[in-house]
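Everything on this sheet refers to the single structure shown next.
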Amino acid sequence: MFKKIILTQILVFTFFFGFTQSILTNKATLSVLTCGPGDQLYSTFGHSAFRIHDASTGFDKIYNYGTFDFNAPNFYLNFAKGKLTYQLSTTRFQYFLAEYRYENRWVKEQLLNLNPEEVQRVFDYLENNAKPENKNYQYDFFFDNCSTKIETVLVAALPDKIEFSNTHITTHKTHRDLIADYTKNQKWAKFGIDLALGSVIDREATKDEYKFIPDYIFKAFENATIKTASLKIPLVKKEYTILDARPIHVASLSLSPTPFFTLLFLSLVILFITYKNFKSNKRTKFLDFLILLATGIIGIVVLLLWFATSHTATYKNLNFLWAFAPNFIISFYLLKSKLANWLKTYFIVLVLLLVTTFVVWIAKVQIFNGALLIFMVSLLIRYLYIISTFQKKQ
């Protein structure tokens, strides 16, 4: 019985020491883990995390800046307002790996070329950052996320030691381009992103700004160096895949409607009804009501995201030009058989706004989703027809 008690104490000690030790041995290593994309939108861009492994003690811990609490007070309201709080969480490496194995996502590891003192300094920084009073941070998709934190932590823990050359960046992409690279198979998600995010993401991203995507922080580390007493050496000592994703058969034919075909169908309906109205010299009131109601609601959402939230990427969203928020109110006037004369001026304004939208698009001030092109053309034709009905009354 005494031996069992001693053995139990040793096991308990080993468990807690392996997870909470404060001083690492000379065998400890620091790695950056990069994880492949998942099926959900939030995991489309992959993930980054730190791993500290001390083979002498069995300590093997993941530091993950990509976690948030669904049960936090006002979670959904804060998410909508752009005040989403993320946090640094920690877990055992085997638990972390099991999650990605279950989700069938690959995991690559970059073992960093750090000496024991440097590993200890990063470890101390992470342990302090993981304390309850320090673990929360204000998340920003482009400038402060799980990927950008990797560089931020290392630069803070090892000041003036690491140099990122960014020579691997040879393209000239905007933030919208970079998002499109990862959402090309998620048409509706891409469509929603293009509606919600403004012209601020259509400027060319700097080489440092590519690092909001885990794949690019991975490449940045491949080309980074660290200063030693006499020279610069590669920051990454070894690189290997620790988990492969299983191949998945994807059906080549999908019956789900895409934004393009959905808007094409709606556009053809608008054009067909407009043609019929032209032939019969009538106006389909309910169609005009629905068009202005829908574009007005979209416009209101666009303006709320711009002015009523803290999202940095929703500023200067020129989708409001074609999705004009006052349309929501004006839509109810269109249910009347006889339209007030001032509505002619209003629709002339809508036509001018649509033309401005095309000019903005061509000038690349803001890139709109390609599925909107035919829909905007159908709106333009419909608005011109409504203007023509006023001329017929004169």
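The values are calculated or read from the model by the stated rules, or taken from the named source; none is laboratory data. Because the structure is a prediction, the values reported are computed rather than measured. As a convention, Cβ positions derive from the backbone with ideal geometry for all residues, glycine included, and neighbour counts pool all protein chains shown. Accessible surface is based on the protein model in full, side chains and every heavy atom, while ligands, DNA and RNA are left aside. Shrake-Rupley method; radii C 1.70, N 1.55, O 1.52, S 1.80 Å.
Data table
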| quantity | calculated |
| --- | --- |
| Boolean, T228 is closer than 22 Å to C146 by Cβ, without any contact (Cβ under 8 Å) to a residue 40 or more places away in the chain and open to solvent by 50 Å² or more (accessible area, probe 1.4 Å) | no |
| Which numbered condition C35 fails, given (1) closer than 21 Å to F218 by Cα; (2) modelled with pLDDT under 85; (3) among the hydrophobic types (A, V, I, L, M, F, W, C) | (2) |
| So T167, is it in a loop (DSSP other than H, G, I, E, B) and open to solvent by 20 Å² or more (accessible area, probe 1.4 Å) | yes |
| Residue within segment 240-259 that is assigned to a helix (DSSP H, G or I) and closer than 30 Å to A325 by Cα present | yes |
| So K149, is it charged (D, E, K, R), at pLDDT 95 or above, under 19 Å from S48 (Cα atoms) and in contact with a Phe, Trp or Tyr (Cβ under 6 Å, 6 or more places away or on another chain) | yes |
| Residues being open to solvent by 50 Å² or more (accessible area, probe 1.4 Å) and without any contact (Cβ under 8 Å) to a residue 60 or more places away in the chain - total across segment 362-394 | 7 |
| Selection within segment 170-182 - in a helix (DSSP H, G or I) and in contact with a Phe, Trp or Tyr (Cβ under 9 Å, 6 or more places away or on another chain) | H175, L178, I179, Y182 |
| Those residues of segment 274-303 which are open to solvent by 60 Å² or more (accessible area, probe 1.4 Å) and not in a helix (DSSP H, G or I), in sequence order | N281, K282 |
| Condition check for D202: in contact (Cβ under 8 Å) with a residue 24 or more places away in the chain, surrounded by fewer than 16 Cβ atoms within 10 Å (Cβ to Cβ) and touching a strand residue (DSSP E or B) at 6+ places or on another chain (Cβ under 9 Å) | no |
| Among the residues listed as K190, K173, the single one being surrounded by 13 or more Cβ atoms within 10 Å (Cβ to Cβ) and under 25 Å from T295 (Cα atoms) | K190 |
| Output for segment 119-151, where each listed residue is within 26 Å of the chain's Cα centre (by Cα) and aromatic (F, W, Y) | Y137, Y139, F141, F142, F143 |
| Residue match in segment 170-177 (condition: hydroxyl-bearing (S, T, Y) and in contact (Cβ under 8 Å) with a residue 40 or more places away in the chain) | yes |
| Looking only at segment 304-331, and only at residues there that are over 26 Å from I386 (Cα atoms) and part of a helix (DSSP H, G or I), the one that is most open to solvent (accessible area, probe 1.4 Å) | F307 |
| Any pair with Cβ under 9 angstrom, 6 or more apart, that starts in segment 280-305 at a residue that is among the hydroxyl-bearing types (S, T, Y) and ends at one that is modelled with pLDDT of 95 or more and open to solvent by 60 Å² or more (accessible area, probe 1.4 Å) | T284/K276; T295/F328 |
| Top-ranked residue in segment 139-164 [being part of a loop (DSSP other than H, G, I, E, B) and open to solvent by less than 30 Å² (accessible area, probe 1.4 Å); ranked as nearest to T85 (Cα to Cα)] | N145 |
| Residues of segment 106-138 satisfying the condition of being in contact with a Lys or Arg (Cβ under 9 Å, 6 or more places away or on another chain) and in a loop (DSSP other than H, G, I, E, B) | N113, L114 |
| Tabulated pairs, segment 115-132, first within 17 Å of T228 (Cβ to Cβ), second open to solvent by 30 Å² or more (accessible area, probe 1.4 Å) and among the polar types (S, T, N, Q), C-beta under 6 angstrom, 6+ apart or interchain | P116/N26 |
| Failed criterion for T183 (all others in (1) open to solvent by 10 Å² or more (accessible area, probe 1.4 Å); (2) out of contact with any Pro (no Cβ under 9 Å at 6 or more places or on another chain); (3) among the β-branched types (V, I, T) hold) | (1) |
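Residues checked against (1) modelled with pLDDT of 95 or more; (2) hydrophobic (A, V, I, L, M, F, W, C):
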residue: T309; (1), (2): no, no
residue: A313; (1), (2): no, yes
residue: N319; (1), (2): yes, no
residue: P326; (1), (2): yes, no
residue: L352; (1), (2): yes, yes
residue: V365; (1), (2): yes, yes
residue: F368; (1), (2): yes, yes
residue: V377; (1), (2): yes, yes
residue: I386; (1), (2): yes, yes
